[in-house]
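Have a look at the structure below before the remarks.
The values are calculated or read from the model by the stated rules, or taken from the named source; none is laboratory data. Remember, it's a predicted structure, so these values are computed and weren't measured experimentally. Cβ placement follows ideal geometry from the backbone for every residue including glycine, while neighbour counts extend to all protein chains displayed. Ligands, DNA and RNA are stripped out before the accessible areas are found, and what is left, the full protein with its side chains, is counted by its heavy atoms. Shrake-Rupley method; radii C 1.70, N 1.55, O 1.52, S 1.80 Å.
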Amino acid sequence: MNTSLLETEVEVRRMSRAIEARVTANATPDEVAGCLREFGYVIIEGLAPETTRQAERELGPYFDRAPAGTGSFTGERTQRIARLVARSAACRELTLHPLVLEVVRQLFEGQCYHAQLTMTQAIRVLPGAAAQGLHRDDNVFPFLHPRPPSVLFGMWALSDFDADNGATRLIPGSHRWGDEEAPHQQLAIAAEMSPGSLLIWEGATYHGAGANRTSQRRTGALIGYSLGWLRQFENQYLAVPPELARTLSPVLQELIGYKNHGYLGTYEGIDARELLATPGVELPAPVDHFTPELETKRRERH
Ligand SMILES: O=C(O)CCC(=O)C(=O)O
Ligand SMILES: [Fe+2]
């Protein structure tokens with residue numbers, strides 16, 4: 001990007017506070033999905049304050065023991081707790097938030113039969129932490145940009161998020177950029193929000209944790225979803241093994257990935273959720289997975 005273009009963008013960003021992608025908890029899925037399509041991110045204020053309070057309590061003992069990261073990306077003053085589905089009932093509830101699931105469904109429509117959970121990670125940015133580099137989460141895949149959404153990340157605020165304590169920084173609209181554009185820091189805004197609010201960003205939106213220049217800790221629970229046929233960021237079958245998955249709701253079992261995606265992810269040729277229902281299932285009759293229902297969905301895409 002040349003200098004004058006950059007200046008214009010910075011100016012537009014300064015003026016854009018009024019059109020910030022921020023909605024209240026009673027927003028409809030269409031409104032939330034509309035913000036994500038337009039800006040590449042959205043903040044939903046006050047969506048689940050009680051559940052995030054519970055999550056904060058449940059994760060406390062893990063944060064007490066968790067080491068900080070070991071590189072500039074993971075952050076040497078940043079703690080990360082994985083496997084939130086296994087570790088926190090409140091995080092299981094956040095993962096299944098109906099507004100979020102409907103937004104994810106809408107954004108992935110036509111790209112997969114169903115979405116899956118890709119990563120769960122509570123992140124605490126400690127006082128003195130340096131800013132994380134701005135990046136695109138979907139760069140873990142060999143995709144060229146721009147492209148339709150493949151990953152959506154939700155950051156639930158478990159503490160205040162502000163410009164000084166390490167709130168996630170994002171470049172509005174950068175989900176539309178090609179791969180040649182550079183993510184200049186000056187274009188980023190801080191996603192300021194209070195506990196219980198949710199920031200969602202599209203995997204192609206440039207973002208990163210901010211620097212923490214305060215004496216307070218910034219804590220969030222990151223819960224990410226992806227197209228049902230992509231490799232998951234977090235190995236969900238190890239994170240949530242069958243003994244535990246068996247005790248969860250069918251929707252959560254599906255999200256974790258136990259439900260096959262057509263011919264992908266079967267167990268003994270059948271839907272792996274049957275292994276959860278009937279432990280020790282062996283040599284079942286194989287099932288056709290190009291069902292008329294999935295065929296119709298596939299054709300709709302073309
Ligand atoms: O902690 C944050 O605000 C963002 C973290 C992030 O983007 C990441 O680790 O990929
Ligand atoms: Fe990220």
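Here is how the numbers come out for the structure above:
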item: Listed peptides 138-144, 152-158, 287-293 by packing density, highest first (mean Cβ within 10 Å); result: 152-158, 138-144, 287-293
item: Most mobile of 251, 151, 85 in a GNM of the chain (Cα contacts under 10 Å); result: 251
item: DSSP-assigned coil residues among trypsin sites (Lys or Arg not before Pro) in segment 226-302, each with at most 11 further Cβ atoms within 10 Å; result: 231
item: Overall Cα dimensions of the chain, principal axis frame, Å, largest first; result: 64, 48, 38
item: Choice from 126, 244, 276 with maximal GNM fluctuation in the chain (Cα, 10 Å cutoff); result: 244
item: Positive-end extreme of charge dipole, segment 238-301 - chosen from 242, 275, 262 (charges on Cβ); result: 262
item: Check: segment 224-295 dipole with +1 on Lys, Arg Cβ and -1 on Asp, Glu Cβ, in debye; result: 240 debye
item: Charge dipole (debye, nearest 20) of the chain; +1 at Cβ of Lys and Arg, -1 at Cβ of Asp and Glu; result: 580 debye
item: Accessible area (Å², 1.4 Å probe, nearest 10) - residue 263; result: 120 Å²
item: Residues of segment 200-235 with amide N under 17 Å of a point placed 7 Å along Cα→Cβ from residue 185; result: 206-214
item: FRET efficiency estimate (nearest 0.05) - Cβ-Cβ, residue 101 to residue 194, R0 30 angstrom; result: 0.85
item: Sum of -39500 (n - 2.57) over DSSP H runs of 4+, divided by residues of the chain (222 nm, nearest 500); result: -8500 deg cm²/dmol
item: Trypsin sites (Lys or Arg not before Pro) within segment 55-128: DSSP coil, no more than 13 neighbouring Cβ in 10 Å; result: none
item: GNM flexibility winner over the chain from 72, 88, 226 (Cα, springs under 10 Å); result: 72
item: Inter-site label distance for residue 296 and residue 89 at 7 Å from Cα along Cβ, in nm; result: 3.9 nm
item: At q = 0.22 Å⁻¹, base-10 log of I(q)/I(0) for segment 64-164 (Debye sum, equal scatterers on each alpha carbon); result: -1.35
item: Taking only Cα atoms of segment 238-301, radius of gyration then Dmax in Å; result: 12.8, 37
item: Contour minus Cα-Cα distance for residue 53 and residue 76 (0.36 nm per residue); result: 5.7 nm
item: Cα gyration tensor, segment 34-105 - rounded (a/c under 1.5), prolate or oblate; result: oblate
item: Calculated from backbone phi, Karplus (6.51, -1.76, 1.60) coupling profile of segment 84-95 in Hz, x at Gly/Pro; result: 5, 5, 6, 9, 8, 4, 5, 5, 4, 5, 4, 4
